[in-house]
Amino acid sequence: MTSANPPGPPPVPPETQEPALAPVQPTPELPGFPAGMPWPVAPTPDRPLAHLAAKSLLLSAKAAAARQAAAAQKAAAARALAAEPAPIPAAAAPAPPATEKTLEKIAAPAAQAAASAAAGERVPTTEDESTAGDSGAKPIARTGAQPRIIAIANQKGGVGKTTTAVNLATALAACGKRVLIIDLDPQGNATTGLGIEREQRKTGAYELLIDGISLAAATKPTSVPNMWILPTTPDLAGAEIELIDLERREFRLRDALAAGALNYDFVLIDCPPSLTLLTLNAMVAADCVLVPLQCEFYALEGLSQLTKTIERVKKHLNPVLEIQGVVLTMFDKRSSLNEQVASDVRAHFGDRVYDTAIPRNVRMAEAPSHGIPALLYDVRCAGSQAYILLASEVLKRELGRVGRSLSGAA
Ligand SMILES: Nc1ncnc2c1ncn2[C@@H]1O[C@H](COP(=O)(O)OP(=O)(O)O)[C@@H](O)[C@H]1O
Ligand SMILES: [Mg+2]
């Protein structure tokens, strides 16, 4: 209610920002970590977040493997039970899947404390950690700070919106941020790409927007620690039409997030490939728009149409909306057309274009069919590495934004 509660992470004294981190040695300082594991990102002092995120992701990948092993163990036990009707004595029951929790306990404090320190934020307490992402529990209120809501939008299809939403979210989650992905595209690619089972999709974005169910009721955990999803349900395709007659039709998502998203650090909205009511809901709910852009011939024209829409939304519906950044996707530096368009976009949008361009990389396209983010599928591939660097740029920009708003307020 009070205006003295600005959005974004809590203020920090300038001296705690951007600490000069000593390079982390590529040795397994964490118990259980295989010796000689090559670090995917070189540990340099100017890329501490990327390095930490990569490290944390390797541990997440191990956690995913442990989870798969535990599930296989469970399935084997269930099969054995079906074949043998006599109850299994307690002593013979499969051991609880301790590996996952143990790994999280090992990985989370180290990676999170350092990443938070690098981002100049309060280090969460162990009490905060009690709600691990894939435990099935909803996150609990921690700071009372507003989440940063980023709409990932481009009216063109196939430019990398979903891939960016899923992998940027994973990298942010690996840095200890609590992240919610909202799948606002009726095609449901983010939902499928994160391996959300059919029975988990009974409630989702449609029910939230049209039936008014709460965010907490519709949100599901993902296999990535610290990351949740508001899935798409098949009915969402009809929502465009149904929204037209509803009250506050452009504000439905905003209202739902205002009531229920306080527990997250970041909310990333994966928009459909159109500028219709669903995308409008995303832009009205968001603080900013992140635009994935494929460097092809019509890219700039599409971008200017998107910019006009953003300006219109800003003028009439959401005065704080801004372009957070433009990220070049599926970039091929051997293509002269790619290079030419990239330099035109940089000339036009200046430093709003991220330094990191996401390369075209086959592992990125393979990952969704396995139901996991590319960052967990192959953290070493060039595409995953680029998303880790993008996440560190996004965090840096967010830190700059908080710094600017603090100095503006002073
Ligand atoms: N960096 C990349 N390298 C190779 N393929 C990619 C990359 N990014 C996305 N893709 C693939 O391109 C297709 C479109 O990407 P997607 O993220 O679904 O776009 P959008 O959400 O904008 O429609 C998908 O098949 C995806 O797997
Ligand atoms: Mg998509």
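Please specify each residue of the stretch 298-348 satisfying the condition of being without any contact (Cβ under 8 Å) to a residue 24 or more places away in the chain, of a type in the set (Lys, Arg) and not in a helix (DSSP H, G or I). The answer is ARG334, and nothing else. Residues that are under 16 Å from the mean Cα position of the chain (by Cα) and surrounded by fewer than 20 Cβ atoms within 10 Å (Cβ to Cβ) within the stretch 355-396 comprise GLY371, GLU393, LYS396, listed in sequence order. Within the stretch 185-202, residues that are within 21 Å of LEU376 (Cβ to Cβ) have Cβ atoms under 7 Å from residues that are acidic (Asp, Glu) and surrounded by 20 or more Cβ atoms within 10 Å (Cβ to Cβ) in these pairs: ALA190/ASP183; ALA190/ASP270; THR191/ASP183, counting only partners at least 6 apart in sequence or on another chain. Count of the stretch 146-193 residues, restricted to those that are near ligand 1 (Cβ under 9 Å from one of its atoms), of a type in the set (S, T, N, Q) and under 12 Å from the mean Cα position of the chain (by Cα), is 4. For LEU257, the conditions (1) more than 25 Å from VAL353 (Cα to Cα); (2) within 16 Å of ligand 2 (Cβ to nearest atom) all hold with the exception of (2).
Here are some residues: ALA145, ALA111, ALA137. Which one is part of a helix (DSSP H, G or I) and at pLDDT below 95? Checking each option against the conditions leaves just ALA111.
For the stretch 285-342, residues that are within 16 Å of ligand 2 (Cβ to nearest atom) and either acidic (Asp, Glu) or surrounded by fewer than 19 Cβ atoms within 10 Å (Cβ to Cβ) (or both) total 1.
Might you check whether a residue that is hydrophobic (A, V, I, L, M, F, W, C), over 17 Å from THR162 (Cα atoms), away from ligand 1 (no atom under 16 Å from the Cβ) and free of Cβ contacts under 8 Å to residues at least 12 places away in the same chain occurs anywhere in the stretch 206-227? Yes, the stretch 206-227 has at least one match. Against the conditions (1) away from ligand 2 (no atom under 16 Å from the Cβ); (2) farther than 23 Å from ALA286 by Cα, GLY371 satisfies every one except (1).
Identification of helices (runs of 4 or more DSSP H) wholly contained in the stretch 187-266 with 3 or more residues that are surrounded by 17 or more Cβ atoms within 10 Å (Cβ to Cβ) yields 189-193, 236-244, 252-260. From the list GLU311, GLU366, the one residue that fits, being out of contact with any Ser or Thr (no Cβ under 6 Å at 6 or more places or on another chain), within 12 Å of ligand 1 (Cβ to nearest atom) and closer than 20 Å to ASP270 by Cα, is GLU366. Against the test of being among the β-branched types (Val, Ile, Thr), more than 18 Å from the chain's Cα centre (by Cα) and within 16 Å of ligand 1 (Cβ to nearest atom), the options THR233, THR276 yield a single qualifying residue, THR276. MET364 meets the conditions (1) within 16 Å of ligand 2 (Cβ to nearest atom); (2) of a type outside the set (Lys, Arg); (3) closer than 18 Å to GLU296 by Cα in every case but one. The failed one is (3).
For the stretch 178-214, the candidate set comprises residues that are in contact with a Phe, Trp or Tyr (Cβ under 8 Å, 6 or more places away or on another chain) and among the aliphatic types (A, V, I, L, M); within that set, the residue that is nearest to ligand 2 (Cβ to nearest atom) is ILE181. When residues in the stretch 161-177 are screened for being among the small types (Gly, Ala, Ser), away from ligand 2 (no atom under 12 Å from the Cβ) and closer than 14 Å to ILE150 by Cα, 1 of them pass.
The values are calculated or read from the model by the stated rules, or taken from the named source; none is laboratory data. Small disclaimer: the values here were computed from a predicted structure and weren't measured. Neighbour counts are summed over all protein chains in view; Cβ atoms, including those assigned to glycine, are modelled from backbone coordinates with ideal geometry.
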